[in-house]
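Readers should treat all values here as calculations from the given coordinates under stated rules, not as data from a laboratory. Everything numeric in this text was worked out from a predicted model, so none of it was measured. All Cβ positions, glycine included, derive from the backbone under ideal geometry; neighbour counts span all protein chains shown.
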Amino acid sequence: MEVSEDVQTRAPENFCWWKIFSWLGGPLRIIAKSSANNNRTRAPSWHNKRSSAGWMQSSHIEINIIRDGRQPRPLRVAGFRGLPAAVFWISMSIATDTRPFILEQQFGSDNYAGICPEAWSAMEEANRGFAPSYGDDPWTERASNAFRALFETDCDIFFVFNGTAANSLALASLCQSYHGVICADTSHVETDECGAPEFFSNGSKLLVAHSEDGKMTPDSIHELATKRQDIHYPKPRVVTITQSTEMGTVYTLDEVRAISQASKAHGLSVHMDGARFANACAHLGLSPAEMTWKSGVDVLCFGGTKNGLAVGEAVLFFDHKLAADFDYRCKQAGQLASKMRFLAAPWIGILESGAWLRNATHANHCAAHFAQQIAGIPGIRVTSPVDANAVFLVTSDQILDKLRACGWRFYTFIGGAARFMFAWDSDLRRVDELARDVRDCAT
Ligand SMILES: Cc1ncc(COP(=O)(O)O)c(C=O)c1O
């Protein structure tokens with residue numbers, strides 16, 4: 001609850017600035033448009049993309065002609081010349097170009113959220129002065145140590161740009177090209193990574209197991225690991241589980257341990273896609289160490305993007321041997337950031353402050369709240385247990401269309417159910433609006 005209030009008190013500040021700029025921008029645009037229409041100049045086609053508004057083309061083109069030096073001409077904007085023109089142009093830019101692009105909050109994805117304050121201020125701090133590149137900087141070292149402290153072990157940490165790269169490269173490092181990776185039929189690696197795990201491993205095959213609510217069982221692993229032993233079939237080498245799952249459920253500690261045991265019994269490594277690892281920790285109330293290496297997980301891809309960062313995932317190897325040459329793998333795949341400090345610093349912000357867990361707790365709370373608000377509405381069924389930050393609704397196409405007509409965005413690509421995802425900045429008042437609309441559309 002503390003987190004929800006904190007998030008809500010921040011939102012009106014931004015809103016206020018946006019309002020002021022909007023109020024200023026409206027009348028200025030009208031004045032400018034009428035002046036600029038009398039003053040339109042030849043517009044290079046690339047520039048037309050910037051805006052369809054005539055006044056904008058006019059004022060920006062004139063400035064750009066001077067800036068790029070190809071065709072020096074006096075500064076002339078909307079009928080003004082020289083200094084008045086510059087003042088006019090700058091005020092126009094403030095009133096319009098700097099206006100944040102704000103939509104009403106939607107719950108189509110937890111990627112819709114912005115950057116949390118803790119990550120943002122750490123980025124700002126890292127932006128002072130200069131630092132060596134390619135990870136040889138104090139920020140990367142501090143972020144890595146923050147992970148080691150959180151996970152209570154001396155693991156190897158690598159910072160990459162996104163989850164697809166983290167998963168694919170981590171899996172590739174555990175496999176040879178002739179190996180197989182056992183995964184759930186709903187897993188992101190199978191359904192949403194465009195074949196990247198197979199591509200980066202030079203052909204390791206994904207062996208797809210049936211799952212319930214996004215979870216595999218030790219039996220499904222045993223079945224696939226023993227299905228074929230002959231030379232014509234890819235040799236199973238790794239098991240990957242997603243925590244929390246793509247269906248918003250969370251493997252219990254016992255389930256993780258049982259999967260690890262089944263995997264190790266067949267000589268398989270265990271990889272965890274933790275795009276929403278923080279949400280799983282928040283749900284279970286367990287330490288990251290217990291959830292991973294203490295339970296037999298060899299490699300974790302810890303998601304930052306859905307946890308309040310702009311971008312970035314951390315790949316944690318709990319066995320040093322498995323991390324051998326992973327830096328080369330990242331470099332070859334275009335995942336070695338030259339200005340690494342900007343991938344690493346936001347982690348410092350969320351790990352050292354505890355925001356990683358607060359953010360996830362708030363997101364989970366919003367999902368649980370939404371599920372509670374819509375419980376019992378006739379014609380609406382929540383498909384999977386709401387453990388983490390996702391709620392999946394099954395309902396008629398007609399009701400889904402009505403919800404869309406109310407302006408709500410959601411996806412139905414996982415099994416046809418409408419998915420709503422909540423993030424660190426989800427506003428409970430907006431969650432209530434969604435619940436109210438679901439009720440209205442269904443009745
Ligand atoms: C379970 C899971 N894994 C990984 C990812 C990371 O994907 P991306 O490459 O878009 O960062 C996502 C993103 O939606 C996800 O849901």
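Sorting check: for 383-395, 186-198, 128-140, which peptide has the highest mean count of neighbouring beta carbons within 10 Å, and how do the rest follow? Working shown, then result.
On the way: 383-395: 23.0, 186-198: 19.2, 128-140: 14.8.
Those peptides, ordered most packed to least, come out 383-395, 186-198, 128-140.
Calculate the radius of gyration of the Cα atoms of the stretch 205-328 to one decimal place, then report Dmax, the largest Cα-Cα distance, as a whole number, both in Å.
14.7, 46
State the extension gain, in nm to one decimal, for the chain segment bounded by TYR112 and VAL87, taking 0.36 nm per residue of separation less the distance between their alpha-carbons. Spell out each step's value before the answer.
On the way: separation 25, 0.36 × 25 = 9.00 nm, distance 3.56 nm.
Extra length from TYR112 to VAL87 when fully extended: 5.4 nm.
Stretched out fully, how many nm does the piece from HIS266 to SER177 gain, at 0.36 nm a residue minus the Cα gap? All intermediate terms of the calculation are to be shown ahead of the outcome.
Details: separation 89, 0.36 × 89 = 32.04 nm, distance 1.87 nm.
Length difference between fully extended and current span is 30.2 nm.
Could I get the Rg over Rh figure for the stretch 308-443? Both from C-alpha atoms, Rh via Kirkwood, rounded to two places.
Looking at the stretch 308-443, the ratio lands at 1.11.
Let me know the Kirkwood hydrodynamic radius for the stretch 128-176, please, with Cα pairs as the basis and the value in Å to one decimal.
It works out to 12.6 Å.
So if R0 is 30 Å, what FRET efficiency would THR412 and ASN202 give, r being the distance between their Cβ atoms, rounded to the nearest 0.05?
On the way: r = 34 Å, r/R0 = 1.14.
Approximately 0.30, to the nearest 0.05.
Over the stretch 112-355, what is the mean sequence separation of C-alpha contacts under 8 Å (at least six apart), divided by residue count, expressed as relative contact order in percent?
Values: 476 pairs, mean separation 77.4, N = 244.
Rounded, it is 32 percent for the stretch 112-355.
In nm, give the distance between the simple-model label positions of ASP432 and ALA324, each being 7 Å from the Cα along the Cα-to-Cβ direction.
5.9 nm
For the stretch 363-443, with only Lys/Arg (+1) and Asp/Glu (-1) charged at the beta-carbon, what is the dipole magnitude about the Cα centre, in debye rounded to 20?
Working: 9 positive and 9 negative charges, 21 e Å.
The calculation lands at about 100 debye.
So how far apart, in nm, are the two label points at ASN127 and HIS232 if each is 7 Å from Cα heading toward Cβ?
That separation, rounded to one decimal, is 6.0 nm.
For the stretch 309-443, what does the relative contact order come out to in percent, with C-alpha contacts under 8 Å and a separation of six or more?
Working: 131 pairs, mean separation 32.6, N = 135.
Normalised by residue count, the contact order of the stretch 309-443 is 24 percent.
Taking a 28 Å limit on the Cα-Cα distance, which of the listed pairs LYS306/LYS331; LYS264/LYS331; LYS215/LYS264; LYS215/LYS235; LYS294/LYS331 fall beyond it?
On the way: LYS306/LYS331 24 Å; LYS264/LYS331 30 Å; LYS215/LYS264 18 Å; LYS215/LYS235 22 Å; LYS294/LYS331 30 Å.
Checking Cα-Cα distances, LYS264/LYS331; LYS294/LYS331 exceed 28 Å.
Compute the relative contact order of the stretch 114-249 as a whole-number percentage, counting only Cα pairs closer than 8 Å that sit 6 or more residues apart in sequence. Show your work: numbers first, answer last.
Numbers: 159 pairs, mean separation 30.7, N = 136.
Answer for the stretch 114-249 is 23 percent.
Under 4 °C and 1.567 mPa s, how fast does the stretch 287-367 diffuse according to Stokes-Einstein, given a Kirkwood radius computed over C-alpha pairs? Answer in µm²/s, whole number. Show your work: numbers first, answer last.
Working: Rh = 14.2 Å.
My calculation gives 91 µm²/s for D.
Name all residues of the stretch 216-237 having a backbone nitrogen under 20 Å from the label point set 7 Å from the Cα of ASP185 along its Cα→Cβ direction, giving them as ranges.
Inside the label zone: 216-228.
Given the peptides 405-415, 420-430, 342-352, arrange them by the average over their residues of other C-beta atoms within 10 Å, most packed first.
342-352, 420-430, 405-415
For the stretch 112-355, just the Cα atoms, rotate onto the principal axes and tell me the three extents in Å, largest first.
Principal extents (largest minus smallest coordinate, Cα): 59, 37, 33 Å.
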